[in-house]
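Note sheet for the following structure.
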Amino acid sequence: MIDTVKIYAEIDEEIYNKIHSKSIIKTSYDNETGELFYNITTDKLEGSYDNRLSVRVDSGVKYGFVNKGYCIEIEGSLHKFVEGQNSFNGFYDIDYVCKTMIDIAVKHYSVVLPAYENWFLQRCDIALCFDLENQDNVTNYINSLNTCKYPLRKPKFFYNESLYLSGSTTTLKIYNKLLEFKKHDMTKLVKNNFNVFEFVDKIKGFLRFECEIKKKALVKIYKDKNIKFVNVKYEDLKKIWSDEFMKVIKMIKNDLEIVRGRDAVFERLNKLYKPCKASRLYSFYCSLILEGQDVVFKKYSNSSYYRNIADLKYAKVDFSQNLKYLEFEKDMFYFNPFEWKEVI
């Protein structure tokens, strides 16, 4: 479903002034020289349960608008604006979402904004929630991602909560929806007569996969510097979501099943790790099986021993034959977002 969207268009000075007069102005300048550093003009359109859309007017230079000289940006989640939440019952029609946001601004400011076909898409978040039945399954899955990697991105992992992968084209987020809701939205909604207790019960076990699709990714797909939202299809955005998360899942999907035996272990390690590390871990594994934990433990420093154990666990290698104290998690939960149905 569609979550946060940012759209923009070129406007004339008259419209700029009307919106500017009703907005909050933030200015930064040098008192000594009088030099203006920046001038930010923003406003908030109030929706249900204290959720808002952001409106900003500015010089059109940032988007290359030189005819009328000014621009307007509208950003926010129509889903949260209408429903107060963004876990289910969302929108899938990008055309409808953008047009509705424009109409809300038109009504609020009593102005005539540019025609729909003259608006452009800057950002769009696609998010899918999955019902994993309970919170234990959610935390088990998230924690299984603690060593997840992504090319050229530094992952940020938060135990039991989330995995974030920020980039210049997209930002990927996998997170515990219940914990995220309690941290960011629960207090606000309690004050606005939202049935929080019913909602919390509903989203227990919800896991959310969110892809923030940025301008660079849109330009790559549509081959245009300014992408008209009327030309954008949800299927294209969903494909970006799928392609991006496949890059993550490919890194970890091979370790979803436990492997046993030297041949299977050797193959698994060589799929997950570089040859040098795979060989080292395979030798370590063989030592565990042949000599047992007590003997092997004495041959390594504590840090090296437990690091190797963690790498074998990540690879789901069963070395329990001679291992007495460190065992695999017995309640590992299998989940693949490409095999499960989205909560709608």
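Some observations on this one:
- Cα gyration tensor shape for the chain, rounded if a/c is under 1.5, else prolate or oblate: prolate
- Sequence-ordered 3J(HN,Hα) estimates for region 336-344 from the Karplus curve with 6.51, -1.76 and 1.60 and θ = phi - 60° stand at 9, x, 8, 10, 10, 8, 5, 6, 10 Hz, glycine and proline given as x.
- Extension gain, Asn270 to Glu46, is 75.2 nm, computed as 0.36 nm per intervening residue step minus the present C-alpha separation.
- Derived scalar couplings ³J(HN,Hα) [region 301-311; Karplus, 6.51 cos²θ - 1.76 cosθ + 1.60; whole Hz; x for Gly, Pro]: 5, 4, 5, 5, 4, 6, 5, 5, 4, 4, 5
- Using the rule -39500 (n - 2.57) for each DSSP H run of four or more residues, divided by the residues of the chain, the 222 nm mean residue ellipticity is -11500 deg cm²/dmol.
- Lys183-Asp263 FRET efficiency (beta carbon distance; Förster radius 35 Å; 0.05 resolution): 0.15
- Once you reduce region 120-160 and region 44-117 to the center of their Cα atoms, the two points are 27 Å from each other.
- Of Lys204/Lys313; Lys238/Lys271; Lys68/Lys99; Lys216/Lys239; Lys107/Lys238, those spanning more than 26 Å from alpha-carbon to alpha-carbon: Lys204/Lys313; Lys238/Lys271; Lys107/Lys238
- When the P(r) is computed for region 153-211, the part past 20 Å accounts for 35% of the Cα-Cα pairs.
- Listing Glu13, Glu210, Glu291 from fewest to most neighbouring C-beta atoms within 10 Å gives Glu13, Glu291, Glu210.
- Arg307-Leu152 FRET efficiency (beta carbon distance; Förster radius 22 Å; 0.05 resolution): 0.35
- At most 15 other Cβ within 10 Å, DSSP loop - trypsin sites (Lys or Arg not before Pro), region 89-167: Lys149
- ³J(HN,Hα), Karplus 6.51/-1.76/1.60, whole Hz, each residue of region 197-212, x for Gly, Pro: 5, 5, 5, 4, 5, 5, 9, 4, x, 7, 10, 10, 10, 10, 10, 7
- Here the spin labels are modelled as points 7 Å beyond Cα on the Cα-Cβ line, and at His108 and Tyr314 they lie 4.5 nm apart.
Where a number appears in this text, it was derived from the coordinates with a stated rule and is not lab data. Just so you know, these numbers come straight off a predicted model, no measurement behind them. Note: ideal-geometry Cβ built from the backbone for every residue, glycine included; neighbour counts use all protein chains shown.
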